[in-house]
Amino acid sequence: MGATTVVKARPARPPSPPETSAPLRTGRVPTGPGRRRRRAGMLMVAPALLHASLWIGLPVVVSVALAFTKYDVLTAPEFVGLDNFRDMLDDAVFRKSIVNTLLYTFFTVPFGMALGLLVALALHTGLKARGIFRTAVFLPQVTATVAIALVWLWIYNPGNGLLNTMLAFLGVDGPAWLSSTTWAMPSVILVGIWQGIGMKMLIYLAALQSLPRELYEAASVDGASRVRQFFSITLPLLKPATFFVLITSMISAFQSFDQIYILTDGGPANSTTMMTYEIYKSAFREFRVGYASAQSLVLFVLLMGFTLVNKRIMGGSRGHN
């Protein structure tokens, strides 16, 4: 009999899993729905970007370029290098305006923020007629600054103004508020604080309404008083809102112009002149556009510096978890 050959069958291989290729990061523009969404988003923001580029970006670039020139609108700009900045060092009125602006900001911003927070806390509680009080506090914010300044001009009138009439009823002779080098700046500061409370109150009120109630309930169970809850829970959680209010209030204070123009016109004896008012005088009264652009650049640098310092001190806008 012939030899039989036994052939052993090899075990079948298990089916290999389907190959999944990782997406290649080629930096290509997404196709399909993602591409359409990006295109739609760009089309939606295009009008705002065009507006900001034409009316904000381009004037800023031109202003920075004019800061190094001598330009009076009637003749072509003449490059003068750093002469405008050297002139500012010798300009006593502009140095005075910087001091006045810092003084105005130092008093209006913290006092306005404190009053805005107090009003927001009062309206956040079960106060009756909260809507009426909220509207009354916010109304000066949406009223024209010129109209507000005219009303305060009558209030500060030394002859028949409301403030001196009330003081006379109490047996006190009121001063000439806006004509005195002693009282002009405090009078302007008071108007700035009063007008800015509404926006600060609104931002703080929105932040207070978004705070989690569970933290306060847990603190009450642990026996924490209202004061302890305010300093341990409310203030830390309001840090992002406080940072936003601080920055916007500083920018508004540095840009104050209307009330100064109506109330005091920078006087008396430049005791209330601000940086924005000096920029206005240099550009539109003296036609020194190059010098005014250099002053604007100094104002921008000061604002940017204060913003970075505040961000470093407060840790930016990051809140506590």
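The values are calculated or read from the model by the stated rules, or taken from the named source; none is laboratory data. None of the values given here were measured: they were computed from a predicted structure. No Cβ is skipped: glycine too gets one built from the backbone with ideal geometry, and neighbour counts run over all protein chains shown. Ligands, DNA and RNA are excluded from the accessible area calculation, which covers all protein heavy atoms including side chains. Shrake-Rupley method; radii C 1.70, N 1.55, O 1.52, S 1.80 Å.
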Semi-axes (Å, rounded, descending) of the ellipsoid equivalent to the chain per its C-alpha gyration tensor are 58, 35, 17
Restricting to Cα pairs under 8 Å and 6 or more apart, the percent relative contact order of region 151-212 works out to 18 percent
Hits in region 278-297: amide N under 13 Å from the 7 Å Cα→Cβ extension of PHE85, namely 294-297
The relative contact order of the chain, taking Cα pairs under 8 Å that sit 6 or more residues apart, comes to a percentage of 26 percent
accessible surface per residue for the chain, probe 1.4 Å, DNA/RNA/ligands not counted, whole Å² -> 66 Å²
Residues meeting the amide H criterion for LYS70 (H placed from the backbone, H to H distance under 5 Å, 5 or more places apart or on another chain) are GLU78, PHE79, VAL80
Subtracting the Cα-Cα distance of ALA122 and SER180 from 0.36 nm times their residue separation yields 17.3 nm
With label points set 7 Å from each Cα along the Cα-to-Cβ direction at GLN255 and ASP173, the distance between them in nm comes to 4.3 nm
As a Kirkwood estimate from alpha-carbon pairs, region 51-106 has a hydrodynamic radius in angstrom of 13.4 Å
Whole-percent carbon and sulfur contribution to the accessible surface of the chain (1.4 Å, no ligands, DNA or RNA) stands at 66 percent
Mean-square fluctuation maximum in Gaussian network of the chain, Cα pairs under 10 Å, restricted to THR182, THR242, THR125, hits THR125
Residue-normalised 222 nm signal for the chain, counting each DSSP H run of n ≥ 4 as -39,500 (n - 2.57), nearest 500 deg cm²/dmol, is -19500 deg cm²/dmol
Placing each pseudo-label 7 Å from Cα in the direction of the beta carbon, TRP154 and ALA48 end up separated by a distance in nanometres of 4.0 nm
When the charge dipole of region 56-127 is computed with +1 on Lys and Arg Cβ and -1 on Asp and Glu Cβ about the Cα centre, the Cα farthest towards its positive end, among LEU66, GLY112, ALA76, belongs to GLY112
Checking region 247-321 for trypsin sites (Lys or Arg not before Pro) in a loop per DSSP with at most 10 other beta-carbon atoms within 10 Å yields ARG318
Relative contact order of region 57-108 (C-alpha contacts under 8 Å, at least 6 apart) in percent is 20 percent
